[in-house]
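The values are calculated or read from the model by the stated rules, or taken from the named source; none is laboratory data. No experiment lies behind these values; they were computed from the predicted model shown. Reconstructed Cβ throughout: ideal geometry from the backbone, glycine too, with neighbour counts over all protein chains shown.
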Amino acid sequence: MARIYSFAPIADEHAKILILGSMPGPASLAAEQYYAHKQNAFWRIMAELLSFDPAIPYADKVQVLRSARIALWDVLHSCKRNGSLDAKIEIETQIANDFENFFHSHRNITHVFFNGTKAETCFKQLVISRIKSDALCYNRLPSTSPANASISFGRKLEAWRAILEPILIESKNSLLEGI
């Protein structure tokens, strides 16, 4: 079984929120795009939360995320996996992305949201002990994967509204400072 590799992060210096998946699935790897599987709810949820048409081109979706100060990445840099399920990732082959340098370069990030349990578990096992910041807030959200079919789209969407809270709080604080 061949080793698979994740993508570079979608992020800029203004990012306040980081959404972390575990490792792109075969459809995403083939398309070289985050959440490319047609049944994955990620882009539908982002479209609802950030008010854009989910049918816009991928490059435009990426720009909407950046404009909303949202960064996107995966916990794992590489691993071996048979198929697309997170449960099939061979634990002993997991190598994490370089979060020390990432957080050093993206100092405005205050909130990390995990797209599902596997992303959170990998982060806690492979990364958190190397992070030197106690200022980050962590929150696991229900996976947007089609494999997580026990949770309806509506329930996923409601849970994912949490990613807007840090942005809304900052906007309110900015408005209050201007008064």
| task | Return the residue satisfying two criteria in turn: it lies in the range 71-85 and is more than 15 Å from the chain's Cα centre (by Cα) and under 17 Å from PHE42 (Cβ atoms), and of such residues it is surrounded by the most Cβ atoms within 10 Å (Cβ to Cβ). | result | SER84
| Close pairs (7 angstrom Cβ cut-off, 6 or more residues apart or separate chains): surrounded by 14 or more Cβ atoms within 10 Å (Cβ to Cβ) in the range 48-70, of a type in the set (Phe, Trp, Tyr) anywhere | LEU49/TRP160; LYS61/TRP43; VAL64/PHE52
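Hey, among ASN97, ASN115, which residue is at pLDDT 95 or above, crowded, with 19+ Cβ neighbours inside 10 Å and closer than 16 Å to ASN148 by Cα?
The conditions single out ASN115.
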| Does PRO146 count as modelled with pLDDT of 95 or more and under 16 Å from GLN39 (Cβ atoms)? | no
| query | Looking at the range 133-168, which of its residues are small (Gly, Ala, Ser), assigned to a helix (DSSP H, G or I) and either under 17 Å from HIS111 (Cβ atoms) or touching a strand residue (DSSP E or B) at 6+ places or on another chain (Cβ under 8 Å) (or both)? | reply | ALA159, ALA162
| message | I'd like the full set of residues that are surrounded by fewer than 16 Cβ atoms within 10 Å (Cβ to Cβ), over 16 Å from VAL62 (Cβ atoms) and in contact with a helix residue (DSSP H, G or I) (Cβ under 8 Å, 6 or more places away or on another chain), limited to the range 6-43. | response | LYS38
